[in-house]
Structure formats: structure tokens, C-alpha cells
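Enquirer: Quick one: the structure is below, questions incoming.
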Amino acid sequence: MTPRSPAPPARRRTAAGSWLRTVGRWPRGIGSWIRSAPGTYLWLAALFVTTVIVHRMSPDIEEDFLRERSTNLDGLSQDPVRVLIASAFWIDGGRWLPCAALYTVFHAPAERRLGTPRWLAVVVLSHVLATLVSEGVLAWAIRHGHVPQSATGTLDVGVSYALAGVVGVITYLVPPLWRRVYLFSVLVVYGIPLATGHGFTDVGHFTAVLVGLACRPLVPHRTGTETPSAQ
């Protein structure tokens, strides 16, 4: 009887080579994912640059700098277009990594499925309408003495309204079996702060979700297939 020989070393090399080839494909996969959502990652790159700029400022200069780019009542009354655009490129608090994670989880899939123009329409509508509604509520509160007059210069920059709008429109991209569960979760996440808090930004976030839900006409009918970002 011929003695049993050990497994040839070539198999180990084959397994290792397979693993290395898999790892080697990761950069190409990541690059392909980024290219499929160009608007999301160009915006994220811009936010990275502005975050680095803010981190190099002293706290006092940072606050004044961001206040000049805020969509507060003072800014909206003086130069609304400028502050609506500028506020979308700065992160209050300077935490870029959590923002990158949220963009990858929500913005990128939405852009891939809707296409860049439709995704951008949801982003702009959510950012602008939620800002106007929330600042309108703040103006009403100031007028009726519920909030001090100094609130007209409140620091208000960031990308959370646009994110909330995209979170809302993604409802129509979720498989039908899970769609109601997802929608219920979204309404709970954004509705509880609105019901229990007293901040005008809570109004803005919930408004943005409603704007996203109202953007259903922008969602392609065949949501089971991806829509090219250039569409």
C-alpha cells in the first residue's frame, strides 16, 4: 500500500494567491462605487477640505466664520442665495468621518438609483425648503416673544437637512416587504425630537423628510434596477 503523501504546498500558495487577488480587487471595487455616485463623493471631498480649514481656526474665529455662512434669519434676509449655497459646504462641529459614513450609507445609494440629476434635485429641495420652513418657525417664535431677538443670528450650517430628505426618498427604493418598516423607523427617528424638543432644527429635519417623501415622482418606476448616475 502506498503511503499517503501530505497535501502539496501548491494548494497553500493557490489559497493565498486567491486571497491576495480578492484584496487586490478592493481598490477597483471602491473606485467603481465612488464613480457610480460622483455627486456624493465630490461633495464629500469638498466637505473634507472645508473641515480641514475649520480645524485650523481658533474657536472664536471659527464661530464668526461659520456664522457668516449660516442660513439664519440675518443671512437669509441679506443674501439668501449665498448663504443657502455656502451653508451646505461646512460641517458644524467638524466631524467629517461620521458624515462620510452617512453619505456612503444614504446619499451614494440614492444617487446610484435615482441618477445624479434627480438625487441633486432631492438634495436641493430638501435643503432649501427645510431651511425656509424652520427659519420661518423661528421668526414666528421671535415675533411672539418665545425666543429672544438675538436668535436671528443663530449659527446654522451643515448638511443634515439634505441628508434627511434623501433618507425620506429612499423609502421608495426599499424593497416593498420592508418599506413600511423603514418608513416607520424614519418617522420615529425624526418625529420624536420634533415632539419632545424645542429647537427649530427639529422642525427642519422633519420637514426635510416630508420633502423627500414628496419627491416620489423623481423615483424611477423600476426601482429593482439601478439607474446610471449620468441619467
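Enquirer: Among the residues of region 74-84, are any open to solvent by 20 Å² or more (accessible area, probe 1.4 Å) and within 14 Å of the chain's Cα centre (by Cα)?
Expert: To start, the set of residues in region 74-84 that are open to solvent by 20 Å² or more (accessible area, probe 1.4 Å) comprises 74, 76-82, 84.
Then drop every residue that is not within 14 Å of the chain's Cα centre (by Cα), which leaves none.
Taking every residue of region 74-84 in turn, none turns out to be open to solvent by 20 Å² or more (accessible area, probe 1.4 Å) and within 14 Å of the chain's Cα centre (by Cα).
Enquirer: Just wondering, is there one or more residues in region 128-142 that are β-branched (Val, Ile, Thr), open to solvent by 50 Å² or more (accessible area, probe 1.4 Å) and farther than 30 Å from Pro175 by Cα? Quick ask: steps written out before the conclusion?
Expert: Step one: of region 128-142, the residues β-branched (Val, Ile, Thr) are 128, 131, 133, 137, 142.
With open to solvent by 50 Å² or more (accessible area, probe 1.4 Å) added as a condition, the list becomes 133, 137.
Checking the rest, the ones that are also farther than 30 Å from Pro175 by Cα come to 133, 137.
For region 128-142, residues β-branched (Val, Ile, Thr), open to solvent by 50 Å² or more (accessible area, probe 1.4 Å) and farther than 30 Å from Pro175 by Cα: present.
Enquirer: Could you say whether any residue in region 115-123 is among the charged types (D, E, K, R), in a helix (DSSP H, G or I) and open to solvent by less than 80 Å² (accessible area, probe 1.4 Å)? Before the answer, list the steps.
Expert: At the first step, the residues of region 115-123 found to be among the charged types (D, E, K, R) are 118.
Narrowing the set further to residues that are in a helix (DSSP H, G or I) leaves 118.
Keeping just the survivors that are open to solvent by less than 80 Å² (accessible area, probe 1.4 Å) gives 118.
Scanning region 115-123 turns up at least one residue that is among the charged types (D, E, K, R), in a helix (DSSP H, G or I) and open to solvent by less than 80 Å² (accessible area, probe 1.4 Å).
Enquirer: Hey, another quick one. Would it be correct to say that Val81 is among the aliphatic types (A, V, I, L, M) and touching a Leu at 6+ places or on another chain (Cβ under 9 Å)?
Expert: Judged against the criteria, Val81 is not a match.
Enquirer: Residues in region 62-71: is at least one in contact with a His (Cβ under 9 Å, 6 or more places away or on another chain), surrounded by fewer than 19 Cβ atoms within 10 Å (Cβ to Cβ), modelled with pLDDT under 90 and at negative phi? Write out each step before concluding.
Expert: As a first pass, look at region 62-71 and keep what is in contact with a His (Cβ under 9 Å, 6 or more places away or on another chain): 62, 71.
Next, from what is left, pick out any that are surrounded by fewer than 19 Cβ atoms within 10 Å (Cβ to Cβ): 62.
Now drop any that are not modelled with pLDDT under 90, which leaves 62.
Still in the running and at negative phi: 62.
Within region 62-71, one or more residues are in contact with a His (Cβ under 9 Å, 6 or more places away or on another chain), surrounded by fewer than 19 Cβ atoms within 10 Å (Cβ to Cβ), modelled with pLDDT under 90 and at negative phi.
Enquirer: Continuing with this model, one more query. Mind listing whichever residues of region 170-188 are under 18 Å from the mean Cα position of the chain (by Cα) and either open to solvent by 90 Å² or more (accessible area, probe 1.4 Å) or more than 24 Å from Val133 (Cβ to Cβ) (or both)?
Expert: Filtering region 170-188 down to residues under 18 Å from the mean Cα position of the chain (by Cα) leaves 170-174, 182-183, 185-187.
If the condition is that a residue be under 18 Å from the mean Cα position of the chain (by Cα) and either open to solvent by 90 Å² or more (accessible area, probe 1.4 Å) or more than 24 Å from Val133 (Cβ to Cβ) (or both), then Leu173, Val174 are the ones that fit.
Enquirer: Looking at Leu155, Leu163, which is the one that is in a helix (DSSP H, G or I) and either open to solvent by 20 Å² or more (accessible area, probe 1.4 Å) or in contact (Cβ under 8 Å) with a residue 60 or more places away in the chain (or both)?
Expert: Within the list Leu155, Leu163, the selection yields Leu163.
Enquirer: Taking only region 85-98 into account, find how many residues are within 16 Å of Thr201 (Cβ to Cβ) and open to solvent by less than 60 Å² (accessible area, probe 1.4 Å).
Expert: 5
The values are calculated or read from the model by the stated rules, or taken from the named source; none is laboratory data. What you see is a predicted model; the values in this text were computed from it and never measured. Every residue, glycine as well, gets a Cβ built from its backbone with ideal geometry; the counts of neighbours run over all protein chains shown. Side chains are part of the model used for accessible areas, which takes the heavy atoms of the whole protein and leaves out ligands, DNA and RNA. Shrake-Rupley method; radii C 1.70, N 1.55, O 1.52, S 1.80 Å.
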